[in-house]
Amino acid sequence: MLNYPGFQSATVTQRTDWTSELFSLRVSGADLSFKAGQFTKLALPNAEGKLVSRAYSVVNAPLSTSDMLEFLIIANPQGQLSPQLQALNVGQSLYVGTRANGDLLGEVIPKRANDLWLLSSGTGIGPFLSLLDDIHLRPRCEKIILVHAVRHRADLVYQYLIQQLIQLYDGRLQYVPIVSREPTEYLSGRIPQLIASGALSQHTGVDLSADESFVMLCGNPQMIKDTLPVLKELGLEKYRVKTGGHIVYERYW
Ligand SMILES: Cc1cc2nc3c(=O)[nH]c(=O)nc-3n(C[C@H](O)[C@H](O)[C@H](O)COP(=O)(O)OP(=O)(O)OC[C@H]3O[C@@H](n4cnc5c(N)ncnc54)[C@H](O)[C@@H]3O)c2cc1C
Ligand SMILES: NC(=O)c1ccc[n+]([C@@H]2O[C@H](COP(=O)([O-])OP(=O)(O)OC[C@H]3O[C@@H](n4cnc5c(N)ncnc54)[C@H](OP(=O)(O)O)[C@@H]3O)[C@@H](O)[C@H]2O)c1
């Protein structure tokens with residue numbers, strides 16, 4: 001493979017196809033220093049030889065014993081890179097960034113936060129799985145609510161890992177799937193409306209409040225845009241390093 005500044009080559013070691021669009025790639029061979037919850041870039045050269053790169057969150061927590069990185073990706077058929085990533089097979093190469101970034105970090109969760117809300121849509125659950133799985137940073141909050149909003153039941157990925165985490169957190173972690181486009185036994189609707197109506201609090205038995213809550217959001221930018229005013233109405237403010245606050249988020253597009 002050619003050398004591109006800011007990138008290193010890695011090899012696909014495993015792929016999981018959750019649905020016809022949604023897949024996970026496990027790669028090895030990249031030397032990436034990252035914190036749980038961060039993203040890096042994945043890249044492939046296009047037909048003209050130009051490198052096309054996009055941001056993807058690491059799903060696993062940093063491991064001291066392995067260079068394994070896992071990514072959860074939805075292929076956008078019109079997209080430049082995600083269909084090319086979906087076409088990769090085990091043993092094939094791709095480029096991985098040499099740096100990681102992102103604000104969804106365990107260290108921003110204030111000690112006062114009793115309740116940690118992790119609100120995700122689609123592939124936005126990835127950084128929260130990384131955070132929850134980080135044994136060094138395991139959030140101390142009394143109650144942790146992992147909300148995953150998806151269109152279809154089949155989009156509820158990583159069930160085995162989530163069940164392991166629920167055991168590990170010994171009663172402190174609640175998993176709340178929301179399925180919006182087919183009837184299921186789970187909550188239906190959208191995150192902002194479910195917060196505004198009180199349905200999410202009623203379902204979890206936990207209130208969202210400025211005194212007790214810290215909220216992380218990740219995924220669809222419109223979901224984040226629509227949820228922020230609802231949280232502000234409850235008295236929660238955007239987190240800033242200097243002033244503190246209650247809300248951090250990462251938009252995926
Ligand atoms: C910080 C960050 C982290 C990200 N992490 C992930 C991740 O873990 N998994 C993941 O699947 N994606 C993630 N994304 C989105 C990813 O970077 C790409 O934008 C996405 O894969 C589409 O790239 P593409 O080249 O296939 O499409 P493009 O050629 O860039 O075109 C895609 C079109 O769809 C829109 N779009 C971009 N991403 C999405 C999306 N996910 N769903 C719907 N529409 C979209 C864009 O506005 C654009 O119009 C992340 C983005 C950011 C900024
Ligand atoms: N998931 C699929 O089956 C599928 C198939 C083909 C292509 N894609 C493409 O992949 C991209 C990502 O799809 P995705 O299913 O991972 O994520 P998504 O479209 O963001 O949907 C995930 C969840 O977020 C909800 N949502 C969407 N907009 C919202 C808003 N403004 N406020 C609150 N919640 C909102 C959706 O509810 P609603 O259902 O009410 O919108 C759904 O429950 C899409 O652009 C889509 O074009 C997805």
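The figures follow:
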item	result
Any chance R151 is within 13 Å of ligand 2 (Cβ to nearest atom) and open to solvent by 10 Å² or more (accessible area, probe 1.4 Å)	yes
Qualifying positions in region 97-133 - surrounded by 24 or more Cβ atoms within 10 Å (Cβ to Cβ) and outside any helix (DSSP H, G or I)	L104, L116, W117, L118, L119, S120, S121
Qualifying position, being outside the structural domain of A36 (by TED's automatic domain parsing), at pLDDT below 95 and not basic (K, R), among L168, L146, L231	L168
Extreme residue, surrounded by the most Cβ atoms within 10 Å (Cβ to Cβ), among residues of region 202-224 that are over 14 Å from the mean Cα position of the chain (by Cα) and in a loop (DSSP other than H, G, I, E, B)	L208
Close pairs (6 angstrom Cβ cut-off, 6 or more residues apart or separate chains): within 25 Å of N114 (Cβ to Cβ) in region 163-190, in a loop (DSSP other than H, G, I, E, B) anywhere	P177/L156; P177/Y186
First in region 129-157 and closer than 14 Å to F214 by Cβ, second anywhere and β-branched (V, I, T) and part of a helix (DSSP H, G or I), Cβ under 6 Å, 6 or more apart	I145/T204
Subset of region 1-24 [of a type in the set (A, V, I, L, M, F, W, C), closer than 19 Å to T123 by Cβ and either open to solvent by 20 Å² or more (accessible area, probe 1.4 Å) or away from ligand 2 (no atom under 16 Å from the Cβ) (or both)]	V12, W18
Residue count for region 62-96, restricted to those that are open to solvent by 70 Å² or more (accessible area, probe 1.4 Å) and within 18 Å of the chain's Cα centre (by Cα)	3
From G97, G126, residue being within 30 Å of K50 (Cβ to Cβ) and within 16 Å of ligand 2 (Cβ to nearest atom)	G126
Per-region count, region 225-253, residues assigned to a loop (DSSP other than H, G, I, E, B), within 16 Å of ligand 1 (Cβ to nearest atom) and open to solvent by less than 50 Å² (accessible area, probe 1.4 Å)	0
Residues of region 60-72 satisfying the condition of being more than 10 Å from ligand 2 (Cβ to nearest atom) and either touching a residue at least 24 places away in the same chain (Cβ under 8 Å) or not small (G, A, S) (or both)	N60, A61, P62, L63, T65, S66, D67, M68, L69, E70, F71
Unique match (being closer than 18 Å to Y252 by Cβ, touching a Pro at 6+ places or on another chain (Cβ under 7 Å) and not assigned by TED's automatic domain parsing to the domain that holds S121) among S82, S24, S57, S53	S57
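The values are calculated or read from the model by the stated rules, or taken from the named source; none is laboratory data. Quick caveat, the model's predicted, so the values are computed rather than measured. Cβ sites come from the backbone with ideal geometry, for glycine too, and all protein chains shown count toward neighbours. These accessible areas exclude ligands, DNA and RNA; they are computed on the full protein's heavy atoms, side chains included. Shrake-Rupley method; radii C 1.70, N 1.55, O 1.52, S 1.80 Å.
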